[in-house]
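Since every read-out is calculated from the coordinates, none of them should be taken as a lab result. What you see is a predicted model, and the numbers here were worked out from it, not measured in a lab. Positions of Cβ are generated from backbone atoms using ideal geometry, with glycine treated the same way; all protein chains shown enter the neighbour counts.
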Amino acid sequence: MLRLPPEQNEGEALKTFLVNKLDTFRKEDATQVTLLCTWLVEIYLNKLSDARENKREDEYKALQEEFHDFLSTDVVKVCCSAALCRP
């Protein structure tokens, strides 16, 4: 069972769980990987929007860097390239 520090809220816990879950899929699980990647992109964009709207610039910059790192992972690259190559 995944244990998270008590200071992490539910949204952060979900994001952490989904990122860890991505590592458990095989290449054949393309649909599940695509779904999780899409869900994680939505979570990141919501957090970025919230930080920007509430003028939390330091949090916004940290999230932006974290999001960029996520988008640069091999799993996401494969997911995006597979989605773009489908007829």
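Mind checking which lysines have their Cα closer than 30 Å to the Cα of residue 27? Skip sequence neighbours fewer than 8 apart in that chain.
15, 47, 77
Can you check what the net charge comes to around residue 70, using other residues whose Cβ is under 14 Å from the Cβ of residue 70 (Lys, Arg +1; Asp, Glu -1)?
With Lys, Arg at +1 and Asp, Glu at -1, the net is -3.
Any idea which of 17, 31, 63 is furthest toward the positive side of the dipole for segment 10-87, if Lys and Arg beta-carbons carry +1 and Asp and Glu beta-carbons -1?
31
With 10 angstrom as the radius, rank 24, 38 by how many other C-beta atoms surround their C-beta, starting from the fewest.
24, 38
Note down the magnitude of the dipole of segment 6-45 about its Cα centre, charges +1 on Lys and Arg C-beta and -1 on Asp and Glu C-beta and zero elsewhere, to the nearest 20 debye.
In debye, rounded to 20, segment 6-45 gives about 180.
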